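These notes are about the structure you will find just below.
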Amino acid sequence: MIEQRNLRLVVSGLLLAILMAAMDNTIVATALGSILADLGGVESYVWITSAYAVAVLAGMPIFGKLSDMYGRKRFFVFGLAIFLIGSALCGIAQSVPQLAVYRAIQGIGGGALMPIAFTIVFDIFPPEKRGKMTGLLGAVFGASSVLGPLLGAFITDTISWHWVFYVNVPIGIVSLFLILKFYKETKQNAKLKIDWLGAITLITAVVSLMFGLELAGKEFAWSSWQSYTLFGIFIVFLIVFLWAETKASEPIISFWMFKNRLFASSQVLAFIFGATFVGLTIFIPIFVQAVYGGSATNAGIILMPMLLGSVAGSAFAGIAQTKISYQKIMAISVVFYAIGMAFMSTISPETSRILLTLYMVLVGMGVGFSFSLLPSASMHKMDYRHRGSANSTNSFFRSLGLALGITIFGSLQTKLMTNEIQDKLGGSGQDASQTIDNLQTVFQPEQRQMIPSNILDVIINAMSNSISATFLWSLIPIAIAIVAVYFMGNEKLEVSKEK
């Protein structure tokens, strides 16, 4: 058992690693313009973000299972080392393809960090303290999605885009030192057979799906042979993966876990919350900058109310887990989230900043509950050798929801916006086409002033209506989340029956 005086240092190391890995995509997204201006390759920019996301998503369940089989520490340290190597390489990249390869290396490390960190906390703390500690980790995870753009913009503006990658190195070295020195793993792990067929088919299926979603409708049409090929590969390898998991002695994803309704409903909720929350982080800054106008407001500052709400929600859920059932906490979560999203679906150019801030606090609190509660619910009553797999499965479904949410809700918002612009400017097809092609000017104060008032009004209303309508559509999966909460049962984090 780790000495009490060392626990804080271990947790500090875990928190640093989670913060670093979780905010990597958002911090890079803010610097993307500067990166492309320096390296060129605008036509290939999608690979900078997708390479990292694909590697993380594919690696999560595999590293989770390996940590069950061979120990948490070695794979957490491995993931951290690979992440730091990838970060250093990204900072010296000379082209977009090169940067994409280095981002994939980063992603391999990131796929190990987040799920294993939550599992380590579950291992080293007694049941009565787990809720509080997972609440702390969940708050950091939630904060990272908002702090990333703020930090990315600051670093890019004051130093250079290279440092959005280099900044990981000192943080990661401190984390690595703390874990290596103070985390003493005492559990004995069985050396079991690795499910290679499951690992290979899962990676192939995930990579095909992610690239299909990233590239279809952008690089090539949804109905093109490229799209059919990628999605066809995904379906074939998914079927093979599902078959392989039923035959493997130690499967990557253990289907028997889904027989537990608390575990199964937690995965559904992770997927839904991941898919819907990502839209908020993308569309709120767009709304504020394009609809309210003025100088380009920093994305991190815009999202600060949602950050505060998510931190408060995560902290409350973490503390309440030993007193209230998972189901009741998630019921509160879904109510806050649904009410907040319903309010978000009413926003318009007339909505005041104060009201928008209140709406953001509501949705932030709603989604914040899930950051700390769902990992705990997924590992509830799981013995040591299954916790890594259980938690990494939860991280996998949240990340998969995020990836699908970006594609589905992003395409929906774009379609709604372009349709309204075309309808309002239907008298001149050329005006509509030019307006759509030059939408970026609405985000640039000096260019915005040069847009004719009648066209600017059309753009503002189309942007506002499409974003609010997208939030309205988000209520459909949130309604499904309400059903999933019903099936969670009355389990809660018990402190007396487990050591």
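The values are calculated or read from the model by the stated rules, or taken from the named source; none is laboratory data. Everything numeric in this text was worked out from a predicted model, so none of it was measured. FYI the Cβ positions are ideal-geometry reconstructions off the backbone, even for glycines, and counts take in every protein chain you see. Calculation scope for accessible area: heavy atoms of the full protein, side chains included, ligands and nucleic acids excluded. Shrake-Rupley method; radii C 1.70, N 1.55, O 1.52, S 1.80 Å.
Just a few scattered comments:
- Whether a residue is surrounded by fewer than 18 Cβ atoms within 10 Å (Cβ to Cβ) and modelled with pLDDT of 85 or more was assessed, and T346 passes this test.
- Taking residues in region 384-413 that are closer than 16 Å to F263 by Cα, and partners anywhere that are among the β-branched types (V, I, T), the pairs with Cβ atoms closer than 6 Å and at least 6 places apart or on different chains are R387/T119; G388/T119; N391/T119; T393/I253.
- Test set (1) of a type in the set (A, V, I, L, M, F, W, C); (2) in contact with a Gly (Cβ under 7 Å, 6 or more places away or on another chain); (3) open to solvent by 10 Å² or more (accessible area, probe 1.4 Å); (4) over 14 Å from G131 (Cα atoms) - I319 fails condition number: (4)
- Residue match in region 233-243 (condition: open to solvent by 70 Å² or more (accessible area, probe 1.4 Å), out of contact with any Cys (no Cβ under 7 Å at 6 or more places or on another chain) and within 30 Å of Q327 (Cβ to Cβ)): yes
- One residue stands out among those in region 264-309 that are modelled with pLDDT of 85 or more and small (G, A, S): the one that is farthest from T134 (Cα to Cα), which is A275.
- Scope region 345-377; condition in contact (Cβ under 8 Å) with a residue 60 or more places away in the chain and more than 22 Å from V268 (Cβ to Cβ); matching residues: S345, T346, I347, S348, P349, R353, L356, M360
- The set of residues in region 73-82 being touching a residue at least 12 places away in the same chain (Cβ under 8 Å) and open to solvent by 10 Å² or more (accessible area, probe 1.4 Å) consists of K73, F75, V77, F78, A81, I82.
- Residue within region 107-123 that is of a type in the set (S, T, N, Q) and under 26 Å from F154 (Cβ atoms) present: no
- Selection within region 168-180: residues that are touching a residue at least 60 places away in the same chain (Cβ under 8 Å) and surrounded by fewer than 23 Cβ atoms within 10 Å (Cβ to Cβ). The member of this set that is farthest from M306 (Cα to Cα) is L180.
- Close Cβ contacts (under 9 Å, 6 or more residues apart or on different chains) running from residues in region 186-212 that are at pLDDT 85 or above to residues that are among the polar types (S, T, N, Q) and not in a loop (DSSP other than H, G, I, E, B) comprise S208/T229.
- Residue match in region 249-258 (condition: closer than 17 Å to L373 by Cα, surrounded by 21 or more Cβ atoms within 10 Å (Cβ to Cβ) and at pLDDT 80 or above): no
Conditions (1) under 26 Å from T30 (Cβ atoms); (2) under 22 Å from the mean Cα position of the chain (by Cα), marked per residue:
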site	(1), (2)
P305	yes, yes
L308	yes, yes
A315	no, yes
A320	no, no
E350	no, no
V361	yes, yes
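- Pair list, Cβ < 8 Å and 6+ apart or interchain, from region 48-72 residues that are under 13 Å from L113 (Cα atoms) to residues that are aromatic (F, W, Y) and open to solvent by less than 10 Å² (accessible area, probe 1.4 Å): S67/F76
- Counted residues, region 83-102 - those being touching a helix residue (DSSP H, G or I) at 6+ places or on another chain (Cβ under 8 Å) and either open to solvent by 10 Å² or more (accessible area, probe 1.4 Å) or without any contact (Cβ under 8 Å) to a residue 60 or more places away in the chain (or both): 12
- Among the criteria (1) in contact (Cβ under 8 Å) with a residue 12 or more places away in the chain; (2) open to solvent by less than 40 Å² (accessible area, probe 1.4 Å); (3) not aromatic (F, W, Y), the one S224 does not fulfil is (1).
- Lone unmet requirement of (1) of a type in the set (S, T, Y); (2) buried (at least 17 other Cβ atoms within 10 Å of the Cβ); (3) closer than 30 Å to F154 by Cα for S333: (3)
- Yes/no for G388 being touching a helix residue (DSSP H, G or I) at 6+ places or on another chain (Cβ under 6 Å), crowded, with 23+ Cβ neighbours inside 10 Å and at pLDDT below 85: yes
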